[in-house]
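> One structure, as structure tokens, below. Some questions next.
The values are calculated or read from the model by the stated rules, or taken from the named source; none is laboratory data. This structure is a prediction, so every number in the text was calculated from the model and none was measured. We place every Cβ from the backbone using ideal geometry, glycine too, and count neighbours over all the protein chains shown.
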Amino acid sequence: MGSCATDTWFISKWGERCSEECGDGVQRRRVHCSGDALDNQVTETSCNPEQRPATTRACTSDRGCGGKWFTGPWGECDSECGPGRRARSVVCVVWARGQWRITTDVTQCKADPRPDTTQGCTRPCGSEWYTSEWSQCSASCGSGVQRREVKCLSERQEPALDCTSAAKPDTRQPCNTQSCHQEQADESNTSASDEAPQASADSSPGEDSERKSSGVCIDRMKNCHLVYKARLCRLKYYNKLCCETCTKNQ
């Protein structure tokens, strides 16, 4: 004798979440056909399909579908030390096709005030190197040296010890490295030109003729050493007047 029980539709609770995070969506639940048959061979066809409960229903999210502001991380302070400014990106995003998307229509986010894109910041200055002016060169030629003072001072400009040693400025530098020999030669040339060597007043035309005819090579003026220094021996006029000096130093 068969069972008199009728197969029945069973339903679960409605889902707690709406399918959309904003605006209209759908809630879902499960529906199952079951009965008292001992063999448990029950399918949905065993229940009356016209009485099958709905598995979905409309729902509306409590949150509106307007956009919202999204802020990026703050950038670094633009000051090397002391007060400065730092910035971040701020964009308007809207929920579309299951994800948040950036929109150029910022009116979508007008419900909330736009966050600041910049703000003040302060970067610690720490200690740094200070230098005085360079001193005068210790020599006018050769190998001179200039010196200056170098101090490590804190942010309050007080003596400190935590400056980076590798970044310490030089305390001395070379100067006037040109050769002193060249400078002296230039001075000698100037002196020789200024003094304009002249034939000795003690030498008369008769004596010159006599010395030339005798073939004696002697100096006939007082400043022959300047003639040599000024390199005037190559000129025939001075070579004759300073024969001894020019010949001896050839």
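> Only one residue in Thr177, Thr190 is modelled with pLDDT under 90, in a helix (DSSP H, G or I), over 26 Å from the mean Cα position of the chain (by Cα) and polar (S, T, N, Q), so which one is that?
Thr190
> Within the set of pairs 6+ apart or on separate chains, which have a first residue in the range 8-31 that is assigned by TED's automatic domain parsing to the domain that holds Gln51 and within 27 Å of Pro49 (Cβ to Cβ), a second that is exposed (fewer than 13 other Cβ atoms within 10 Å of the Cβ) and modelled with pLDDT under 80, and C-beta atoms under 8 Å apart?
These pairs meet every condition: Gly25/Thr60.
> Kindly indicate whether Gly82 is modelled with pLDDT under 90, exposed (fewer than 14 other Cβ atoms within 10 Å of the Cβ) and of a type outside the set (Asp, Glu).
yes
> Follow-up. Is it the case, given these coordinates, that Ser200 is more than 30 Å from Ser127 (Cα to Cα), out of contact with any strand residue (DSSP E or B) (no Cβ under 7 Å at 6 or more places or on another chain), surrounded by 11 or more Cβ atoms within 10 Å (Cβ to Cβ) and modelled with pLDDT under 85?
yes
> Right, here's the next one. Return the only residue of Thr164, Thr118 being assigned by TED's automatic domain parsing to the domain that holds Pro83 and among the β-branched types (Val, Ile, Thr).
When all the criteria are applied, what remains is Thr118.
> Out of (1) under 26 Å from the mean Cα position of the chain (by Cα); (2) closer than 30 Å to Glu21 by Cβ, what's the single condition that is false for Val106?
Exception for Val106: condition (1).
> Check whether at least one residue in the range 91-104 is farther than 30 Å from Thr122 by Cβ, surrounded by 12 or more Cβ atoms within 10 Å (Cβ to Cβ), at pLDDT 90 or above and in contact with a helix residue (DSSP H, G or I) (Cβ under 6 Å, 6 or more places away or on another chain), and report yes or no.
Within the range 91-104, one or more residues are farther than 30 Å from Thr122 by Cβ, surrounded by 12 or more Cβ atoms within 10 Å (Cβ to Cβ), at pLDDT 90 or above and in contact with a helix residue (DSSP H, G or I) (Cβ under 6 Å, 6 or more places away or on another chain).
> Restricting to the range 119-133, what's the tally of residues that are loosely packed, with under 13 Cβ neighbours inside 10 Å and at negative phi?
6
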